[in-house]
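Novice: Shown below is the structure under consideration.
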Amino acid sequence: MQKSEARKLIGEAVKAWEAEEWQRSADLYEQVLARFPDEEPSAVWWYDAALAHKFLRNWDKALDLGREAAARSPRGEGDPAYWNLGIAATILRDWTTARDAWDGFGIELPEGEGEIAGRFGAACVRLDTDGEREVVWIER
């Protein structure tokens, strides 16, 4: 694959993203990343591919691609690559990765290993059940 073809595929990936065609967008990003994993804009491509899989609830793929995105992102600065990696790892109960991701995002966690137990304050959660939307408050 030449860089000109990669640019074209990235353009198609962006269009698919804008159309919320998550699988197509992710597939196109992954095609380019297989050939150009470390180009300057690749951190964004890894992030978008991982995020698309998060939207698809493909947690294993979101985790794998999220690791790549986080590896190319600054630690401790609230970078969203760490946030999305933390979500995927937490859902999959990969506590080592989750702890590292949340720390990489900049969230201070209680010491320890395994499941994360702590008091992180109140948060709102938006629920959508059969088209009915509601916001509930939780203790994190």
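Novice: Among the candidates 44, 14, single out the residue that is in a helix (DSSP H, G or I), among the β-branched types (Val, Ile, Thr), open to solvent by 40 Å² or more (accessible area, probe 1.4 Å) and modelled with pLDDT of 95 or more.
Specialist: 14
Novice: Moving to a separate point now. Taking the condition of being farther than 21 Å from residue 25 by Cα and either touching a strand residue (DSSP E or B) at 6+ places or on another chain (Cβ under 9 Å) or part of a helix (DSSP H, G or I) (or both), how many residues in the range 72-96 meet it?
Specialist: 6
Novice: Sticking with this structure for a sec: Would you mention how many residues in the range 97-140 are in a loop (DSSP other than H, G, I, E, B) and not aromatic (Phe, Trp, Tyr)?
Specialist: 18
Novice: Something else about it: If a residue must be open to solvent by 60 Å² or more (accessible area, probe 1.4 Å) and out of contact with any Leu (no Cβ under 9 Å at 6 or more places or on another chain), how many such residues does the range 96-119 contain?
Specialist: Summing the residues that are open to solvent by 60 Å² or more (accessible area, probe 1.4 Å) and out of contact with any Leu (no Cβ under 9 Å at 6 or more places or on another chain) in the range 96-119 gives 7.
Novice: When you go through 99, 133 one by one, which is the residue that is closer than 23 Å to residue 75 by Cβ and of a type outside the set (A, V, I, L, M, F, W, C)?
Specialist: 99 is the lone residue from the list that is closer than 23 Å to residue 75 by Cβ and of a type outside the set (A, V, I, L, M, F, W, C).
Novice: Looking at the range 47-81, which of its residues are within 20 Å of residue 9 (Cβ to Cβ), aliphatic (A, V, I, L, M) and either open to solvent by 50 Å² or more (accessible area, probe 1.4 Å) or more than 11 Å from the chain's Cα centre (by Cα) (or both)?
Specialist: 56
The values are calculated or read from the model by the stated rules, or taken from the named source; none is laboratory data. Because the structure is predicted, anything quoted here is derived from the model rather than measured. Don't worry about glycine lacking a Cβ; one is built from the backbone with ideal geometry, like all the others, and counts go over all protein chains shown. Ligands, DNA and RNA are excluded from the accessible area calculation, which covers all protein heavy atoms including side chains. Shrake-Rupley method; radii C 1.70, N 1.55, O 1.52, S 1.80 Å.
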